[in-house]
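What follows is a single structure, written as structure tokens, with notes after it.
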Amino acid sequence: MAQYSSTLDGVFQAVSDPTRRAVLGRLGAGPASIGELAAPFDMALPSFMKHIGYLERSGLIRTRKTGRVRICTLERGTFDLIESWLGEQRSIWEGRTDRLERLVTTGTVDKEIPA
């Protein structure tokens, strides 16, 4: 869990904002320019750029400049890390709920080390 700590903290803070979640959702369809990403939002470009910077610092997106246009793409590796962490959490909680189910249905609990 410690291996994920700093990265996950930044990622979950980044996705806590609805604007940033919407940007990530749009980028799920493919790369887009800053202008394309900013169009649906009623905010000044400097304010929108703060969201882009936050997403980039958290490792969720990558930007590159092509001529005068800055293009954003999802950083798939970070999503793989999140998926791995969530898989570990799912495994822990499934084990706990399975033991609870055994306790409720049979009245006994395995002598396992709790997860």
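None of the figures in this text is laboratory data; all of them are computed from the coordinates on show. The structure presented is a predicted model; accordingly, all values stated were derived computationally and were not measured. Cβ: placed from backbone, ideal geometry, glycine included. Neighbour counts: every protein chain shown.
Looking only at ARG76, ARG26, ARG99, which one moves most when the chain is put into a Gaussian network model with springs between Cα atoms under 10 Å?
Maximum fluctuation in the GNM of the chain, among the listed residues, is at ARG99.
With +1 assigned to the C-beta of every Lys and Arg and -1 to the C-beta of every Asp and Glu, and no other charges, what is the dipole magnitude of the chain about the Cα centre in debye, to the nearest 20?
Details: 16 positive and 14 negative charges, 122 e Å.
With only Lys, Arg, Asp and Glu charged at Cβ, the dipole is about 580 debye.
Enumerate the amide H contacts of GLU75 below 5 Å, restricted to partners 5 or more residues apart or on another chain; note that Pro and chain-start residues carry no placed amide H.
ILE61, ARG62
Where is the GNM fluctuation largest for the chain (alpha-carbon springs, 10 angstrom cutoff): ASP80, ASP42, ASP17?
ASP42
Want the number for GLU88 to ASP42: 0.36 nm per residue separation, take away the alpha-carbon distance, what's left?
Details: separation 46, 0.36 × 46 = 16.56 nm, distance 3.86 nm.
Result for the pair: 12.7 nm of gain on full extension.
Between ASP80 and GLU56, what is the label-to-label distance in nm when each label sits 7 Å out along the Cα-to-Cβ direction?
The answer from the label model is 2.3 nm.
Hey, what number do you get for the chain at 222 nm if only DSSP H runs of n ≥ 4 count, each worth -39500 (n - 2.57), divided across all residues, to the nearest 500?
Numbers: 5 runs with 69 residues, N = 115.
Calculated mean residue ellipticity at 222 nm is -19500 deg cm²/dmol.
So for VAL69, VAL11, VAL104, VAL23, fewest C-beta neighbours within 10 Å to most, what's the order? Please report the intermediate quantities before stating the final value.
Details: VAL69 11, VAL11 20, VAL104 8, VAL23 27.
Sorted ascending by nearby Cβ count, the order is VAL104, VAL69, VAL11, VAL23.
Work out which helices of the chain, taken as complete DSSP H runs, extend at least 24 Å along their axis over the Cα atoms and score a mean Kyte-Doolittle of -1.0 or more, then list them.
On the way: long enough: 76-106 (44 Å, -0.75).
Flagged H segments are 76-106.
May I have the pair-distance distribution P(r) for the stretch 1-105, computed from all Cα-Cα distances with 5 Å bins from 0 and rounded to whole percent?
Final binned percentages: 2, 11, 19, 19, 14, 10, 8, 6, 4, 3, 2, 1, 0, 0.
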